[in-house]
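Here the structure comes first, spelled out in structure tokens, and everything after it is commentary.
The values are calculated or read from the model by the stated rules, or taken from the named source; none is laboratory data. This is a predicted model, so every value here is computed, not measured. Here the Cβ is made from the backbone with ideal geometry for all residues, glycine too, and neighbour counts use every protein chain on show.
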Amino acid sequence: MEFEITHTTHYRYGNPAAEAYGEARLTPPNLPTQTVVKHLVTIDPKTNTSRYTDHYGNVVDFFSLPYRHQKLVLKNELVVQTHKTPLPEKSLELTVGEARQIFTSALTDIFDYLQHTDIVEVGNDPLQWARKYLPAKAVLGEALPRLNEAIHDSFDYTKGATDSSTPLSAIWKHRKGVCQDFAHVALSILRTAGLPARYVCGYIETDPPRNGDAALKGAVATHAWIEVLVPGMVWVALDPTNRQWVNERYVTVSFGRDSRDATPLRGTFKGSGGQKMDVKVVMKRRAEKK
């Protein structure tokens with residue numbers, strides 16, 4: 001499949017900002033599942049950027065506006081081809097216990113994705129779920145989708161129920177949230193079970209579904225899902241918000257231990273009037289070439 005994607009973030013200030021600084025993680029990687037055909041990031045007011053690659057492999061554009069401005073608009077425009085990629089069946093035939101044993105020889109490479117963070121917290125709930133859904137004898141190919149489905153079925157997708165400061169303990173208590181929260185819940189369980197897992201930020205198709213495909217939740221802004229490392233050092237991706245393995249209707253942009261590492265935009269500004277942020281993502285499927 002081939003998609004045209006436009007991701008626009010519009011910051012409006014109550015009073016003109018004196019200056020602003022930010023980092024944009026908006027450059028999707030080329031992966032076996034996707035090929036970037038075109039990519040352009042524009043910033044208004046126009047300013048130069050400097051680029052580096054962070055600890056998690058994300059391309060980061062740093063920008064600064066050291067002068068007064070009333071608004072700030074960042075637009076990410078892409079054309080991306082997605083590819084159907086089969087799951088690693090041999091790896092998924094192994095058990096959770098076998099996977100943990102295999103990963104002991106690669107701890108230095110996967111250490112970050114086994115650790116809990118300030119956002120992905122340790123607690124009794126993830127421990128109980130890890131024991132229930134990811135016991136040592138569970139086969140990965142059966143246990144991972146079962147866990148994914150259980151999160152979807154046990155938590156209500158409720159816009160506005162949480163924000164970026166809502167602790168994971170509150171998500172567990174009220175069983176409400178959005179894609180970011182569901183990804184953090186999944187990560188807390190997987191890491192408690194000793195399986196390396198990472199947070200993924202990206203885009204999903206916003207067009208009306210075709211060919212009997214179901215409409216995807218969370219398609220009007222950036223979306224979040226998770227990837228689990230399985231033996232063979234292969235990442236497999238699941239989306240608890242939409243209760244499925246990730247497929248060709250998804251485009252990956254950034255990775256991290258949690259949403260803070262992979263956030264598309266972060267920064268600061270100097271001003272007295274506060275700011276309002278509006279985000280819109282449109283991901284349209286192109287007609288297939290004959």
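Taking only the range 51-68 into account, find how many residues are in a strand (DSSP E or B) and either of a type in the set (D, E, K, R) or within 12 Å of Tyr21 (Cα to Cα) (or both). Let's see the steps before the verdict.
Step one: list which residues in the range 51-68 are in a strand (DSSP E or B), which gives 51-53, 59-65.
With the extra rule that they be either of a type in the set (D, E, K, R) or within 12 Å of Tyr21 (Cα to Cα) (or both), the set shrinks to 51, 61-65.
Within the range 51-68, residues that are in a strand (DSSP E or B) and either of a type in the set (D, E, K, R) or within 12 Å of Tyr21 (Cα to Cα) (or both) number 6.
What single numbered condition from (1) of a type in the set (D, E, K, R); (2) over 22 Å from Thr33 (Cβ atoms); (3) not in a loop (DSSP other than H, G, I, E, B) fails to hold for Asp118? Single failed check for Asp118: (3).
For the range 30-50, which residues satisfy the criterion of being loosely packed, with under 14 Cβ neighbours inside 10 Å and either in contact with a Lys or Arg (Cβ under 7 Å, 6 or more places away or on another chain) or assigned to a loop (DSSP other than H, G, I, E, B) (or both)? Result: Asn30, Pro32, Thr42, Pro45, Lys46, Asn48.
Identify, from the list Glu248, Glu227, the residue that is touching a residue at least 12 places away in the same chain (Cβ under 8 Å), in the same structural domain as Leu114 (by TED's automatic domain parsing) and not in a strand (DSSP E or B). Exactly one residue qualifies, and that residue is Glu248.
Just one of the listed residues (Leu147, Leu134, Leu140) is under 19 Å from the mean Cα position of the chain (by Cα), within 19 Å of Gln244 (Cβ to Cβ) and of a type in the set (A, V, I, L, M), and it is Leu147.
For the range 1-55, what are the residues that are closer than 27 Å to Thr82 by Cβ and among the small types (Gly, Ala, Ser)? If the condition is that a residue be closer than 27 Å to Thr82 by Cβ and among the small types (Gly, Ala, Ser), then Ala24 is the only one that fits.
When restricted to residues that are aromatic (Phe, Trp, Tyr) and under 20 Å from Thr192 (Cβ atoms), the range 204-254 contains 2. Would it be correct to say that Val236 is touching a residue at least 12 places away in the same chain (Cβ under 8 Å), crowded, with 19+ Cβ neighbours inside 10 Å and closer than 18 Å to Ala99 by Cβ? Yes; evaluated as a whole, the condition is true for this residue.
Answer with yes or no whether Thr82 is among the β-branched types (Val, Ile, Thr) and either surrounded by 14 or more Cβ atoms within 10 Å (Cβ to Cβ) or within 20 Å of the chain's Cα centre (by Cα) (or both). Yes.
Do we find a residue being under 18 Å from Pro240 (Cα atoms), assigned to a helix (DSSP H, G or I) and out of contact with any Pro (no Cβ under 6 Å at 6 or more places or on another chain) anywhere in the range 197-208? For the range 197-208, residues under 18 Å from Pro240 (Cα atoms), assigned to a helix (DSSP H, G or I) and out of contact with any Pro (no Cβ under 6 Å at 6 or more places or on another chain): absent. Taking the conditions exactly as written (over 20 Å from Ala237 (Cβ atoms), without any contact (Cβ under 8 Å) to a residue 24 or more places away in the chain and of a type in the set (Asp, Glu)), does Asp125 satisfy them or not? Here the answer is no, as Asp125 does not meet what is asked. Got at least one residue in the range 123-145 being buried (at least 17 other Cβ atoms within 10 Å of the Cβ), within 22 Å of Cys179 (Cα to Cα) and of a type in the set (D, E, K, R)? Yes, the conditions are met somewhere in the range 123-145.
The lone criterion from (1) assigned to a helix (DSSP H, G or I); (2) of a type outside the set (A, V, I, L, M); (3) free of Cβ contacts under 8 Å to residues at least 12 places away in the same chain left unmet by Arg191 is number (3).
Only one of the numbered conditions (1) under 14 Å from the mean Cα position of the chain (by Cα); (2) of a type in the set (Gly, Ala, Ser); (3) within 18 Å of Phe111 (Cα to Cα) is violated by Gly232, and that is (1).
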